[in-house]
Amino acid sequence: MPKQRRPRLTINEKLAILDEYNLVPRGQRALFCRERGLSISAVQDWQKKRRDGLLTPTDKKESRIALTRAERVDYEQQRQKIADLEARLEQSENAVEILGKASALLETLTKSAATKQSRPAPVQEPDPNASDPAWGKRFNRS
């Protein structure tokens, strides 16, 4: 006769069983476990884990479906592909950010060069009240 497989229970289900187990009188706990297809040692192990803080309730739904080997291999390949794509996405986003900054810098430089070319050089007019007679010669526009 093939060995009967025990049910896989979620953490929340284990905690619910422990709560029920603790309400059962001591002499009937073995019967309680047998009725549910559990071994006493498994329940005692859960109690120890709960005391040690390793068995805490969770809000997330736990999957009770076991994957086949082929499904696990496919799952791992998909996870790796996702990780590679996320790395490429991050690299592309960084490149776009750098190109945006370079574009802004070039635009600023272009505007700066255009304003320098369109602005005439400042002309200094001779000062008639100047005491230096050579002043007019230094700024002669001929």
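Restricting the search to segment 18-60, which residues are within 35 Å of the chain's Cα centre (by Cα) and either surrounded by fewer than 10 Cβ atoms within 10 Å (Cβ to Cβ) or outside any helix (DSSP H, G or I) (or both)?
51, 52, 53, 54, 55, 56, 57, 58, 59, 60, listed by residue number.
Does residue 23 meet the test of being at pLDDT 90 or above and touching a helix residue (DSSP H, G or I) at 6+ places or on another chain (Cβ under 6 Å)?
no
Restricting the search to segment 63-109, which residues are of a type outside the set (A, V, I, L, M, F, W, C) and within 30 Å of residue 9 (Cβ to Cβ)?
63, 64, 68, 69, 71, 72, 74, 75, 76, 77, 78, 79
The values are calculated or read from the model by the stated rules, or taken from the named source; none is laboratory data. Since we're looking at a predicted model, the values are computed, not measured. All Cβ positions, even for glycine, are placed from backbone atoms using ideal geometry, and neighbour counts span all protein chains on display.
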